[in-house]
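The values are calculated or read from the model by the stated rules, or taken from the named source; none is laboratory data. Given the structure is predicted, the values throughout are model-derived calculations rather than measurements. Reconstructed Cβ throughout: ideal geometry from the backbone, glycine too, with neighbour counts over all protein chains shown.
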Amino acid sequence: MIRYLDNAASTELCEEAKEAILGAVGVYGNPSSTHRMGAEAKRLLESSRETVRDALGAGSGQGGALVFTASGTEANCTAVLGSFRAKKRKRDGSEWILIGDGEHPSVEKSAETLEAEGCRLVRIPTAGGELDIGFLDRTLGECEKAGGTVVCAAFMLVNNETGAIYDVRRAFSAVKAKFPDAVAHCDAVQGFGRIRFTPSALGADTLSVSAHKIHAPRGAGALYIGPTALKRKNIAPLIPGGGQESGLRSGTENLISTAAFAAAARAASANFDANREIAARLRRRLSDGLYELSAAGVSVKKPARAVDDIVNITLPGIRSETMLNFLSGEGICVSAGSACSAYSKKKSSALTAFGCTDGEIDSSIRVSTSHLNKEDDIDAFLDALSRGIARLARGGRR
């Protein structure tokens, strides 16, 4: 029996998403076509858009735009790269981009691309799972003193490897106080469905989410662009073409995935409280079991604030890859961190930023649950982990 505990990487489709897929399969017209089938596809697309907006607390009555993308990665790249390329730039180091240390690779790599194009990149420390607001304030003062300007500040809401909840509202407020024209971008991919927020409550000009993190299919994401950023044309499209998505993301829309995305978003919003209760119960079960294993050298990374669904564990002298192979053989699916970086040879930037040593990073695994998990999934994991430690720990191999 497979016990799937890697929900921060991807999730099983919920029933609502499956039903939406079946309904959308027959809507095969192009949403840009003007005939009857095209109009039917357009209605489904716009209905899906409004549903996702409502789930984000950013309905059409609040202005702005929700742009469907192919992934959360594309949404992040569009926000970060698009903010720099939307205006004529000096490219002399006077334009700054600020990101959290340990952001998702889509933000990190986009920021590095802009650095290569002449932007100054500053990473704000996140030791212990907290944005260093003091460091941010000093950085903003330095930028102001140097006569520079902050083009974009990008901070994730929930860390995908540690589950840490960052105080992005406070960070964006600090940025806007000195640089009101800066684009405040929030990667909310891991926060969507796990904590309550709205783009306006966070102070975010742009915000990204992803379908396959909330029990919808892979191949769909969304970028919300607030009314001020939209009016100022702060985001330039990365994909030119036929002008779909109000000219902000060309390409024929993935109607099946967006319809399923909307259905899953509606379900996540409607069942939020019940799902949070399940997450808390599973976290207690997991925490109790890991406490019993602390005598065997297991420890848990504890951010200042964290979601219940993501737990990062340090093993006693066992490489994560070795334990993952053992657990996989036992039917347990967990990970060593971000699935987007699974094949990279580099150390986890998120865990390095958290303050972990190289040894701790090499021996870390991530357990991430969803409301579809049961307590016996946790029990099976703990049992397999205990047996794995006995077999694999230094001095315990046989």
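Candidates are the residues of the range 247-293 that are among the aromatic types (Phe, Trp, Tyr) and surrounded by fewer than 17 Cβ atoms within 10 Å (Cβ to Cβ); the one that is nearest to Thr78 (Cα to Cα) is Phe272. Looking at the range 161-228, the strands (runs of 3 or more DSSP E) lying wholly inside it that each contain 2 or more residues that are touching a His at 6+ places or on another chain (Cβ under 8 Å) and not small (Gly, Ala, Ser) sit at 206-210. Report yes if Cys152 is closer than 17 Å to Ile235 by Cα, under 11 Å from the mean Cα position of the chain (by Cα) and among the hydrophobic types (A, V, I, L, M, F, W, C), otherwise no. For Cys152, the condition - closer than 17 Å to Ile235 by Cα, under 11 Å from the mean Cα position of the chain (by Cα) and among the hydrophobic types (A, V, I, L, M, F, W, C) - is not met.
Return the only residue of Gly93, Gly118, Gly134 being exposed (fewer than 15 other Cβ atoms within 10 Å of the Cβ) and touching a strand residue (DSSP E or B) at 6+ places or on another chain (Cβ under 6 Å).
Values: Gly118 fails: touching a strand residue (DSSP E or B) at 6+ places or on another chain (Cβ under 6 Å); Gly134 fails: touching a strand residue (DSSP E or B) at 6+ places or on another chain (Cβ under 6 Å).
One residue alone meets the criteria, Gly93.
Screening the candidates Ala182, Ala154, Ala174 for the property of being assigned by TED's automatic domain parsing to the domain that holds Lys213 and without any contact (Cβ under 8 Å) to a residue 40 or more places away in the chain yields one hit, Ala182. Report yes if some residue within the range 74-83 is touching a Gly at 6+ places or on another chain (Cβ under 8 Å) and closer than 27 Å to Cys119 by Cα; otherwise report no. Yes, because at least one residue in the range 74-83 is touching a Gly at 6+ places or on another chain (Cβ under 8 Å) and closer than 27 Å to Cys119 by Cα.
Select from the range 253-285 the residues that are part of a helix (DSSP H, G or I) and polar (S, T, N, Q) and write down the one among them that is nearest to Ala58 (Cα to Cα).
First pass over the range 253-285, keeping only residues part of a helix (DSSP H, G or I): 255-270, 272-285.
Okay, now just the ones that are also polar (S, T, N, Q), so 257-258, 269, 275.
Numbers: Ser257: 21, Thr258: 17, Ser269: 13, Asn275: 22 Å.
Applying the filter and picking the extreme gives Ser269.
Scanning the range 120-149 for residues being within 24 Å of the chain's Cα centre (by Cα) and either part of a loop (DSSP other than H, G, I, E, B) or outside the structural domain of Tyr166 (by TED's automatic domain parsing) (or both) gives a total of 5.
Scanning the range 219-246 for residues that are surrounded by 14 or more Cβ atoms within 10 Å (Cβ to Cβ) and at positive phi yields a total of 2. Has the range 297-309 got any residue that is assigned to a helix (DSSP H, G or I) and crowded, with 18+ Cβ neighbours inside 10 Å? Within the range 297-309, not a single residue is assigned to a helix (DSSP H, G or I) and crowded, with 18+ Cβ neighbours inside 10 Å.
Could you check, for the range 246-263, whether at least one of its residues is assigned by TED's automatic domain parsing to the domain that holds Ser48, touching a strand residue (DSSP E or B) at 6+ places or on another chain (Cβ under 8 Å) and closer than 25 Å to Gly102 by Cα? Talk me through it step by step, then tell me what you get.
Of the range 246-263, the ones assigned by TED's automatic domain parsing to the domain that holds Ser48 are 246-263.
Next, only the ones that are touching a strand residue (DSSP E or B) at 6+ places or on another chain (Cβ under 8 Å) stay: 246, 248-249, 253-254, 258, 261.
Still in the running and closer than 25 Å to Gly102 by Cα: none.
Taking every residue of the range 246-263 in turn, none turns out to be assigned by TED's automatic domain parsing to the domain that holds Ser48, touching a strand residue (DSSP E or B) at 6+ places or on another chain (Cβ under 8 Å) and closer than 25 Å to Gly102 by Cα.
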